[in-house]
Amino acid sequence: QQPVQSPQAVILREGEDAVINCSSSKALYSVHWYRQKHGEAPVFLMILLKGGEQKGHDKISASFNEKKQQSSLYLTASQLSYSGTYFCGTQTSGSRLTFGEGTQLTVNP
Amino acid sequence: NAGVTQTPKFRVLKTGQSMTLLCAQDMNHEYMYWYRQDPGMGLRLIHYSVGEGTTAKGEVPDGYNVSRLKKQNFLLGLESAAPSQTSVYFCASSPKFQAYEQYFGPGTRLTVT
């Protein structure tokens, strides 16, 4: 079952923060985050495994709430280069990766 | 390392024509995947392979066939193209099936008229 992402789109000014959420109705084994710029392939950001582990990547970090089956991606002090579409992908134990519909992030000067 | 490569990059087909998309990876990954991406619908898995000679259906397999005769290559075939197959197709590979990064190719933009 496809995870649900929110919001669908967000517009920021450079330096502002944003949070993108990803939720599932199933018990998750892992949550993946990817970013895709227009006309390019998705690029891996990070994976979170069940256990509530939080991982960071420069000023982009994420958390995984195992009880709620939700993950949140945090973008702090956004830069112009953060613009793109962010996808979460979820896996239950033994299952394939299923992607959400994406969140379009635009960072303006 | 080239990573994951796809050929062709663009293709226009007429309804009923056939074609094969080629994906190649040089990372010795066991797992390979074919996705399609349509506006507002994210990435949907068409077929995948867990190793040389094995394939499995994904979420949207109808109208497509695949083959993995060599570990480094994964072919996606359209036997009789339909306008509904107009999409961007991405190939990906990973070393394991679960909880590992998938490496994506640059994509193939296919238009069926």
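Where a number appears in this text, it was derived from the coordinates with a stated rule and is not lab data. On a predicted model such as this, the values are computed, not experimentally measured, just so you know. Reconstructed Cβ throughout: ideal geometry from the backbone, glycine too, with neighbour counts over all protein chains shown.
Take every Cα pair under 8 Å whose residues are at least 6 apart in sequence, average their separation, divide by the length of chain A, and the relative contact order is 37 percent.
Which longest uninterrupted range of chain B lacks any trypsin sites (Lys or Arg not before Pro) assigned by DSSP to a loop state (not H, G, I, E or B) and surrounded by at most 13 other Cβ atoms within 10 Å? Segment B:15-69 is the longest. Whole-Hz Karplus values for the range B:36-49 come out as 10, 10, 10, x, x, 10, x, 9, 10, 6, 8, 9, 9, 9 Hz, taken residue by residue from phi with 6.51 cos²θ - 1.76 cosθ + 1.60 and θ = phi - 60°; glycine and proline positions read x. For B:Gly53, neighbours were defined as the other residues whose beta-carbon sits under 11 Å from its Cβ, and their charges (Lys and Arg +1, Asp and Glu -1) total +2.
Measuring nothing but how far apart in sequence close Cα pairs (under 8 Å, 6+ apart) lie, relative to its length, chain B scores a relative contact order of 36 percent. Assuming R0 = 41 Å, can you tell me the calculated FRET efficiency for the pair B:Met27 and B:Ala82, based on Cβ-Cβ distance, to the nearest 0.05? Once the sixth-power term is evaluated, E becomes 0.80. Considering only Cα atoms, the convex hull volume of the protein assembly as shown works out to 118 Å³ per residue. Springs join every pair of Cα atoms under 10 Å in this Gaussian network model of chain B, and among B:Ser84, B:Ser93, B:Ser67 the largest mean-square fluctuation is at B:Ser84. 3J(HN,Hα) along the range A:95-107, derived from phi through the Karplus expression 6.51 cos²θ - 1.76 cosθ + 1.60 where θ = phi - 60°, amounts to 9, 6, 6, 10, 9, x, 7, x, 10, 8, 10, 10, 10 Hz, with x in place of Gly and Pro. When chain A is treated as a Gaussian network with alpha carbon springs shorter than 10 Å, the biggest mean-square fluctuation among A:Lys37, A:Lys50, A:Lys67 belongs to A:Lys67. Counting every alpha-carbon pair across the range B:52-113, the share separated by more than 15 Å comes to 60%.
Rg and Dmax of chain A, both derived from C-alpha coordinates alone, stand at 13.2, 43 Å. In order along the range A:20-37, the Karplus-derived 3J(HN,Hα) couplings, from 6.51 cos²θ - 1.76 cosθ + 1.60 at θ = phi - 60°, round to 10, 10, 9, 10, 9, 8, 10, 6, 8, 9, 8, 10, 10, 10, 10, 10, 10, 8 Hz, and Gly and Pro are given as x. Here the scattering of chain B is modelled by Debye summation over its C-alpha atoms, one equal scatterer each and no solvent; at q = 0.12 Å⁻¹ the log10 of I(q)/I(0) is -0.37.
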